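The structure appears below as structure tokens.
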Amino acid sequence: MRHAVAPAESVENNYFAVTNLLKICTHCERLSKKDLGVRIPRPLGNGPSRFIPEKEILEVSKVDARTQSIFEDAFAALGRLDNISLVMGFHPQYLGSFLRTQHYLLQMDGPLSLHYRHYIGIMAAARHQWGDPKWLNGLDEAPQKLQQLGELNKILAHRPWLLTKEHIECLLKAEEHSWSLAELIHAVVLLTHYHSLASFTFGCGITTEIHCDGGHTFRPPSLSQYCVCDIANGNGHSIHHDDSLANQELCGEVEVLMERMKQLQECDDEEASQEEMATRFEREKTESMLVVTAEDEECVPSRDISRHFEDPSYGYKDFSRRGEHVPTFRVQDYSWEDHGFSLVNRLYPDVGQMLDEKFQMAYNLTYNTMATHKDVDTSMLRRAIWNYIHCMFGIRYDDYDYGEINQLLDRSFKIYIKTMVCSPEKTTKRMYESFWRQFQHSEKVHVNLLLMEARMQAELLYALRAITRYMT
């Protein structure tokens with residue numbers, strides 16, 4: 001591409017005008033005399049996340065050799081590092097598992113063609129208004145076979161407990177454009193992958209990539225302390241507030257939580273009856289309905305996004321709203337470990353193993369720390385978070401005491417969890433900052449990994465159970 005070159009006199013005048021406003025490095029000084037007139041986009045956001053300071057994210061790869069290695073491999077494969085990977089880099093073990101799984105789903109041998117896989121990803125992301133609206137012209141223009149997937153996509157994303165074997169039968173026994181079981185398993189895994197990834201993206205405040213709409217601007221920078229190239233790469237001013245006073249006010253938040261964990265561990269010997277355990281689950285499920293998401297406002301998607309899915313007004317609704325009742329999904333009757341894993345692995349070889357590794361990685365990941373405290377067993381807290389998410393979807397573990405949830409998760413945390421899992425597009429920075437205010441950003445990212453994987457497994461359980469019932 002040829003660039004317009006300004007006359008020499010104009011270049012000199014512009015050069016002195018610019019240097020009066022901005023500091024310019026030697027490299028950019030040379031370029032300024034040659035390539036004036038070229039519009040260079042710069043990111044609207046300041047770093048990979050709107051919620052997490054850029055400096056903290058970029059420091060991770062400098063101190064962790066494994067993260068650096070994973071970043072290098074990702075860059076070699078894709079030619080860039082996306083913002084999601086940069087934020088996940090806080091936890092390199094998980095990031096490696098995530099990238100391997102995503103690459104296999106999208107690129108390696110499988111039942112679905114490559115273009116079908118990517119379109120299904122677009123359909124899934126669009127349910128939460130996530131993605132570039134210019135991708136495609138809309139679901140109406142897609143092949144009929146993909147259009148038939150719209151109902152499954154809608155139910156899985158917002159009310160997976162409504163999925164039945166009849167929905168599966170409609171796809172597998174369509175007179176034309178029917179799906180095979182293997183294709184359907186691949187599609188279900190892709191849909192749940194991108195539904196849950198949307199939760200992580202909004203939950204961590206991931207900024208839009210610079211090459212996408214809403215991710216860049218051509219307006220000239222107004223800062224005076226950086227070279228133009230620094231600003232174009234997102235290295236502009238970041239405002240740092242002195243949180244010392246706030247930290248003093250919050251002093252003891254972590255200690256109170258640790259004390260509650262200790263007390264619950266000491267009470268483990270006092271087992272409740274099965275009837276009491278069931279009552280506590282129903283109570284927690286009912287209370288979860290009272291937790292509002294972003295003031296429960298209705299969010300109407302733009303036409304550009306909504307054209308990629310059916311029924312834009314269809315969203316998450318609580319089980320008992322308007323008198324609806326949904327039977328409890330008992331993990332004792334159908335679980336990922338005993339049923340879902342083998343079904344996926346049989347129809348889509350190796351993927352069940354990859355998903356299981358990813359679930360286990362998120363669930364068991366620990367550094368035995370809580371904020372500034374070390375040598376802490378966090379298993380009880382991780383289990384409470386995971387089981388609370390499944391409880392919101394009606395999924396019950398018979399051996400878990402749901403009374404622990406109210407002891408370990410406060411209301412602000414529950415609001416964040418429910419919003420991020422059920423209506424992630426409504427997540428705000430205020431919500432992110434309102435829970436666990438003394439904890440590190442890396443710990444909050446870990447929470448988001450737990451929420452993402454728990455949501456994906458919950459959707460998969462309902463879909464795989466429906467497929468199993470159809471097969472039997």
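The values are calculated or read from the model by the stated rules, or taken from the named source; none is laboratory data. These numbers come from a predicted model, not from an experiment. Here Cβ is always computed from backbone atoms with ideal geometry, including for glycine, and neighbour counts include all displayed protein chains. Side chains included, ligands, DNA and RNA excluded: accessible areas come from the protein's heavy atoms. Shrake-Rupley method; radii C 1.70, N 1.55, O 1.52, S 1.80 Å.
Given the criteria in a loop (DSSP other than H, G, I, E, B), modelled with pLDDT of 95 or more and either more than 25 Å from Val189 (Cβ to Cβ) or not aliphatic (A, V, I, L, M) (or both), does Tyr363 qualify? No; evaluated as a whole, the condition is false for this residue. Among the residues of segment 67-115, those that are open to solvent by less than 10 Å² (accessible area, probe 1.4 Å) and not in a helix (DSSP H, G or I) comprise Gly89, His91, Leu112.
Yes or no: segment 160-170 includes at least one residue that is part of a helix (DSSP H, G or I), within 25 Å of Gly352 (Cα to Cα) and in contact with a strand residue (DSSP E or B) (Cβ under 9 Å, 6 or more places away or on another chain). Yes, that holds for at least one residue.
Counting only residues that are part of a helix (DSSP H, G or I), at pLDDT below 75 and surrounded by 12 or more Cβ atoms within 10 Å (Cβ to Cβ), segment 255-307 holds 5 of them. Please work out if Glu183 is open to solvent by 40 Å² or more (accessible area, probe 1.4 Å) and either closer than 14 Å to Met420 by Cα or not hydrophobic (A, V, I, L, M, F, W, C) (or both). It is false that Glu183 is open to solvent by 40 Å² or more (accessible area, probe 1.4 Å) and either closer than 14 Å to Met420 by Cα or not hydrophobic (A, V, I, L, M, F, W, C) (or both). When Ile385, Ile417 are checked against the criterion of being surrounded by fewer than 23 Cβ atoms within 10 Å (Cβ to Cβ), touching a residue at least 12 places away in the same chain (Cβ under 8 Å) and more than 21 Å from Ile57 (Cα to Cα), Ile385 stands alone in meeting it.
Among the criteria (1) open to solvent by less than 30 Å² (accessible area, probe 1.4 Å); (2) outside any helix (DSSP H, G or I), the one Arg437 does not fulfil is (1).
Residue-wise test of (1) within 19 Å of Glu259 (Cβ to Cβ); (2) of a type in the set (A, V, I, L, M, F, W, C).
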residue	(1), (2)
Leu381	yes, yes
Arg396	no, no
Asp399	no, no
Ile415	no, yes
Lys418	no, no
Val421	no, yes
Pro424	no, no
Thr428	no, no
